[in-house]
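J.: Structure provided below as structure tokens; questions to follow.
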Amino acid sequence: MLWVIATITTAPGHDKDVLNALLDIAPTVRQEAGCQLYQPSQDHPEGPTAYAPPRRDTVTVIEAWDSRQALDDHMATPHMTRFSEATSEWVTHAEIRLIDPVGA
């Protein structure tokens, strides 16, 4: 199993646009071979926590894939290409972090 934390920083005020685009493709992604979890998310809005304040203009996608190959296949799908093209003017930075679960 491979987990992915994708943190997407958007141009000011475009976080909802990116989030909605992700929510539109989520049902298709969840049907892909090897997808165990695909959840577009945002920081909880109830102010600062002991750890960090909520981030503005940020969308996080929590994912779990059976393998690196399944993730690579996902990234090459037509719907991910369309998502990237449709949101290119709104996304200012994306950090894709691959995580190996330990002890699971």
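J.: May I ask you to verify whether THR10 is among the polar types (S, T, N, Q), open to solvent by less than 50 Å² (accessible area, probe 1.4 Å), touching an Asp or Glu at 6+ places or on another chain (Cβ under 7 Å) and without any contact (Cβ under 8 Å) to a residue 60 or more places away in the chain?
T.: Criteria not met by THR10.
J.: For segment 12-46, enumerate the residues that are modelled with pLDDT under 95 and in a strand (DSSP E or B).
T.: Once the filter is applied, which keeps residues that are modelled with pLDDT under 95 and in a strand (DSSP E or B), segment 12-46 yields nothing.
Let's see how each residue does on (1) modelled with pLDDT of 95 or more; (2) of a type outside the set (S, T, N, Q):
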{"position": "MET75", "(1), (2)": "yes, yes"}
{"position": "PRO78", "(1), (2)": "yes, yes"}
{"position": "SER84", "(1), (2)": "yes, no"}
{"position": "HIS93", "(1), (2)": "yes, yes"}
{"position": "ARG97", "(1), (2)": "yes, yes"}
{"position": "PRO101", "(1), (2)": "no, yes"}
{"position": "ALA104", "(1), (2)": "no, yes"}
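J.: Does at least one position in segment 89-103 carry a residue that is in a loop (DSSP other than H, G, I, E, B) and either closer than 17 Å to THR7 by Cβ or basic (Lys, Arg) (or both)?
T.: Looking through segment 89-103, at least one residue is in a loop (DSSP other than H, G, I, E, B) and either closer than 17 Å to THR7 by Cβ or basic (Lys, Arg) (or both).
J.: Go through (1) free of Cβ contacts under 8 Å to residues at least 24 places away in the same chain; (2) open to solvent by less than 40 Å² (accessible area, probe 1.4 Å); (3) among the hydroxyl-bearing types (Ser, Thr, Tyr); (4) farther than 16 Å from LEU19 by Cβ one by one and return the number of the condition SER41 breaks.
T.: (4)
J.: A follow-up question, please. Looking only at residues that are open to solvent by 70 Å² or more (accessible area, probe 1.4 Å) and not in a loop (DSSP other than H, G, I, E, B) in segment 47-85, which one is farthest from CYS35 (Cα to Cα)?
T.: Only one residue fits best here, namely GLU85.
J.: While we're looking at this one, here's another question. Could you please find all residues in segment 13-36 being in contact (Cβ under 8 Å) with a residue 24 or more places away in the chain and loosely packed, with under 14 Cβ neighbours inside 10 Å?
T.: Matches in segment 13-36: GLY13, ALA33, GLN36.
The values are calculated or read from the model by the stated rules, or taken from the named source; none is laboratory data. Since the model is a prediction, treat every value here as computed from it, not as a measurement. A quick note on method: Cβ atoms are made from the backbone with ideal geometry, for glycine too, and the neighbour counts reach across all protein chains shown. These accessible areas exclude ligands, DNA and RNA; they are computed on the full protein's heavy atoms, side chains included. Shrake-Rupley method; radii C 1.70, N 1.55, O 1.52, S 1.80 Å.
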